[in-house]
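One structure is given here, and the rest of the page talks about it.
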Amino acid sequence: MVTKGAESRRHFRQNIEIILMYTTMGQFKSDIATNVSLGGLFIKSTNPIKVGSKVRVSFSVPNFMTRFEANGVIMHQGTPSCPGMGIKFSEVHNRALAILDEMIKREQAQLLAPKAKKKVRTKKVKK
């Protein structure tokens, strides 16, 4: 039996929008990643690259003052309602993975944190 989608993923995917650069076949491109995991990411693109193509991705990691860089392979293309391409990382340094893991955990924590309630100030009316 072949599983698809989330059932076959080894890593949790965090929905996050990150502007990234990538190179493939000597071309430099820039698009937005819409979700990221330790195993790969999805790039939103109206002009996806052919499945099986090799890419090099690079983006600034928010709050870390560093760049994440990795080699990857295009594993699938998106759908008409969600155009783009899924990339599986094929070569990533351990330090880069540690930074990516921390970024994903911080994003999850922000989503799960209880929303701070705003204090409502009332003005006493003098009689």
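All of the numbers you see were taken from the coordinates with simple rules; none came from a lab. Treat the numbers as computed from the prediction; the structure is a model and nothing was measured. Quick reminder, even Gly has a Cβ in these numbers, built from the backbone with ideal geometry, and neighbours come from all protein chains shown.
Within straight-line reach of residue 29, meaning a Cα separation under 19 Å, sit the following aspartates and glutamates at least 8 residues removed in sequence or on another chain: 17, 69.
With a 10 Å radius around each residue's Cβ, average the other Cβ atoms per peptide and rank 34-42, 20-28, 56-64, highest first. Let's see the in-between values first.
Working: 34-42: 20.8, 20-28: 13.1, 56-64: 14.9.
Answer by packing, highest mean first, reads 34-42, 56-64, 20-28.
Here's the list of aspartates and glutamates a cross-link from residue 50 could span, going by alpha-carbon distance under 20 Å and ignoring same-chain residues fewer than 8 apart: 31, 91.
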